[in-house]
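Engineer: After the structure tokens below, expect a handful of questions from me.
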Amino acid sequence: MTIQLSRRARLGLAAALLALAAGGAGYGIAQFGRADAPQQQAAENGRKILYWYDPMVPSQHFDKPGKSPFMDMQLMPKYADEGAQGEPGVAIDPARVQSLGLRVAAVERGALASGLTATGTIDFNQRDVAIVQARAAGFVQRVYARAPGDVIGAGAPLADLLVPEWAGAQAEYLAVRRTGNPALVQAARQRLALLGMAPGTIAAVERGGRPHNVITISTPVGGTIKTLGVRQGMTVAAGQTLAEVNGLGTVWLNAAVPETMAGQLRPGQGATATLSAWPGERFAGRVAAILPDVQAESRTLTVRIELPNRGGRLRPGMFASVDFGGASRSALLVPSEAVIRTGKRTLVMLALAGGRYQPAEVQAGSDTGGRTEILAGLSEGEKIVASGQFLLDSEASLSSVPARPIGGAASVPAAQPTLYEAVGRIEKIDAGGVTLDHGPVPALQWPAMTMTFRLGSPALARGFRAGDRVRFGFDQPPEGPTLRRMTREAGR
């Protein structure tokens, strides 16, 4: 049976067939795209890709390459073979190292300046204070033009004091002198001294032959008047304080030093101060005392430095910077920027062979001049990442790569045993070794103590004697701490 279709029907049928063909083609293209997707993740240089990620936000994963939605940079692939068994650390494609800005530095031994800087303020030397008192009761006849804060020289007059009690005693003394009896003269003279007369006043009575019951009260030292308690016409009692004078020949610089640096300071060591009031000039002094209390708010302790004050230029209240100086010492050093401080531990990122990287825990020491001392956890010659290490540490955390513990550091060759450095004073030298009163040894967590060290060689003690201050290096063989080198401290 033949069915005749109208022109409109034939056009509708053609449109339906075309839509069906288009749908089939779209399905085939979609299937082709889905079949090709695993191939995008299957290989890049023959390595399987697990996902793509932004190094700045490594916790966010993407199923295809492209530009990061967080940063203006391309996503990076995460390969399945990264972190293979038996090989520590994470692997980074050498082609990506430059784009990450990684920079590698070697752990090296060098001279670390033991200098410490702090800030402080100038204060009066409280040990250089004179108290001016009345030696006898009397009346103030005259006061000189003085006021608190004035700077005066030694012997400057403060007031004239009339002492009625002295007149009779001095007249009696002059009468006894005329008798010519040495014993009576000596007794009368002793009485004048007991009444509070200065030897100069008694000598003036002897020279003039008449009583002197008006005495000029003067200051025994030069300096600034802290308090002045004498006024015209007042009555004073014996022993009453008339003035307090603080000398200015030396001043104190009270510096605030972090408590973590307290072990580096000793009373008597040198210090150099600089002040903005005298730019380009340095004032040398010494540490007079380390005060026992610590400021709870700033966790600092006060170090008192005594400075000569030639010309009175250092004035209490001035702000100063102080450098405690000190001789340099040998230490393992790394760039300070390579150190990662997490709050719970300190890490560096090791650069291993084959483009692999592993975090390593370290014990850091002093930090100066852009370099940090490593007390434990690294060996000389190892390679660490000095720039870009935070990205590697984040990747290592995501990959569950454990940090190398401090005890797992590469061993130092036997020809160069690990030496611990310290400074001390020789107490005794005998056949059994050298007894040293030494400071703390942070690498071993030793406090300051006195102990005996074996001599690695008898020649080490040659030329030294008790009392010498030395810098020494020692190791710890099974026999006990043994000296390997010893040098006399510079300037000792």
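The values are calculated or read from the model by the stated rules, or taken from the named source; none is laboratory data. Source: prediction; values computed, not measured. Every residue, glycine as well, gets a Cβ built from its backbone with ideal geometry; the counts of neighbours run over all protein chains shown.
Engineer: Of the residues Ala167, Ala159, Ala147, only one is surrounded by fewer than 16 Cβ atoms within 10 Å (Cβ to Cβ), at pLDDT 90 or above, small (Gly, Ala, Ser) and assigned by TED's automatic domain parsing to the domain that holds Thr201; which?
Structural biologist: Ala147
Matching residues to (1) in contact with a Phe, Trp or Tyr (Cβ under 8 Å, 6 or more places away or on another chain); (2) at positive phi; (3) at pLDDT 90 or above:
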| position | (1), (2), (3) |
| --- | --- |
| Val401 | no, no, no |
| Gly408 | no, no, no |
| Ala414 | no, no, no |
| Leu419 | yes, no, no |
| Lys428 | no, no, yes |
| Leu436 | yes, no, yes |
| Ala448 | no, no, no |
| Leu455 | no, no, no |
| Arg471 | no, no, no |
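Engineer: Test each condition in (1) buried (at least 19 other Cβ atoms within 10 Å of the Cβ); (2) within 22 Å of Trp166 (Cβ to Cβ) for Thr216 and report the one that comes out false.
Structural biologist: Exception for Thr216: condition (1).
Engineer: Mind listing whichever residues of the stretch 176-203 are hydrophobic (A, V, I, L, M, F, W, C) and either over 60 Å from the mean Cα position of the chain (by Cα) or assigned to a loop (DSSP other than H, G, I, E, B) (or both)?
Structural biologist: Val176, Ala183, Leu184, Val185, Ala187, Ala188, Leu195, Met197, Ala198
Engineer: Please verify whether the stretch 318-335 includes one or more residues that are β-branched (Val, Ile, Thr) and out of contact with any helix residue (DSSP H, G or I) (no Cβ under 9 Å at 6 or more places or on another chain).
Structural biologist: Yes, some residue in the stretch 318-335 is β-branched (Val, Ile, Thr) and out of contact with any helix residue (DSSP H, G or I) (no Cβ under 9 Å at 6 or more places or on another chain).
The rows are residues; the columns are (1) closer than 20 Å to Asp293 by Cα; (2) β-branched (Val, Ile, Thr); (3) in contact with a helix residue (DSSP H, G or I) (Cβ under 9 Å, 6 or more places away or on another chain).
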| site | (1), (2), (3) |
| --- | --- |
| Glu244 | no, no, no |
| Ala256 | yes, no, no |
| Gly263 | yes, no, yes |
| Pro267 | yes, no, no |
| Ala271 | no, no, no |
| Ala277 | no, no, no |
| Glu281 | no, no, no |
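Engineer: Something else now. If Ala136 satisfies all but one of (1) touching a helix residue (DSSP H, G or I) at 6+ places or on another chain (Cβ under 9 Å); (2) part of a strand (DSSP E or B), what's the number of the condition it fails?
Structural biologist: (2)
Engineer: Name every residue in the stretch 301-333 that is touching a Lys or Arg at 6+ places or on another chain (Cβ under 8 Å) and either surrounded by fewer than 18 Cβ atoms within 10 Å (Cβ to Cβ) or modelled with pLDDT of 90 or more (or both), in order of residue number. Even if it seems obvious, please write down each step before you answer.
Structural biologist: Going residue by residue through the stretch 301-333, those that are touching a Lys or Arg at 6+ places or on another chain (Cβ under 8 Å) are 305-306, 327, 329-333.
Listed by number, the residues that qualify are Ile305, Glu306, Ala327, Arg329, Ser330.
Engineer: Ok, one more. Any idea how many residues of the stretch 254-299 are more than 20 Å from Gly311 (Cβ to Cβ) and assigned to a loop (DSSP other than H, G, I, E, B)?
Structural biologist: Count: 9.
Engineer: Name the residues in the stretch 452-464 that are closer than 14 Å to Asp475 by Cα and either surrounded by 12 or more Cβ atoms within 10 Å (Cβ to Cβ) or touching a helix residue (DSSP H, G or I) at 6+ places or on another chain (Cβ under 7 Å) (or both), would you?
Structural biologist: Filtering the stretch 452-464 down to residues closer than 14 Å to Asp475 by Cα leaves 452-457.
The answer is Thr452, Phe453, Arg454, Leu455, Gly456.
Engineer: Give just the number: which of (1) under 18 Å from Gly138 (Cβ atoms); (2) modelled with pLDDT of 85 or more; (3) not aromatic (Phe, Trp, Tyr) does Val176 not satisfy?
Structural biologist: (1)
Engineer: Something else now. For the condition within 30 Å of Thr224 (Cβ to Cβ), in contact (Cβ under 8 Å) with a residue 40 or more places away in the chain and either in a helix (DSSP H, G or I) or polar (S, T, N, Q) (or both), what is the one hit in Gln141, Gln170?
Structural biologist: Gln141
Engineer: Let me ask another. Tell me the residue from Val348, Val334, Val303 that is within 30 Å of Asn125 (Cα to Cα), among the β-branched types (Val, Ile, Thr), part of a strand (DSSP E or B) and touching a residue at least 24 places away in the same chain (Cβ under 8 Å), please.
Structural biologist: Only one candidate passes the filter, namely Val303.
Engineer: Here's a follow-up. Scan the stretch 336-351 residue by residue and report those that are crowded, with 16+ Cβ neighbours inside 10 Å and not β-branched (Val, Ile, Thr).
Structural biologist: Within the stretch 336-351, Ala338, Leu347, Met349, Leu350, Ala351 meet the criteria.
Engineer: Going by the structure shown, is Val348 touching a Gly at 6+ places or on another chain (Cβ under 6 Å), closer than 25 Å to Leu102 by Cβ and at pLDDT 85 or above?
Structural biologist: Criteria not met by Val348.
Engineer: Within the stretch 184-234, which residues are small (Gly, Ala, Ser) and within 30 Å of Pro148 (Cβ to Cβ)?
Structural biologist: Once the filter is applied, which keeps residues that are small (Gly, Ala, Ser) and within 30 Å of Pro148 (Cβ to Cβ), the stretch 184-234 yields Gly196, Ala198, Gly200, Ser218, Gly222, Gly223, Gly229, Gly233.
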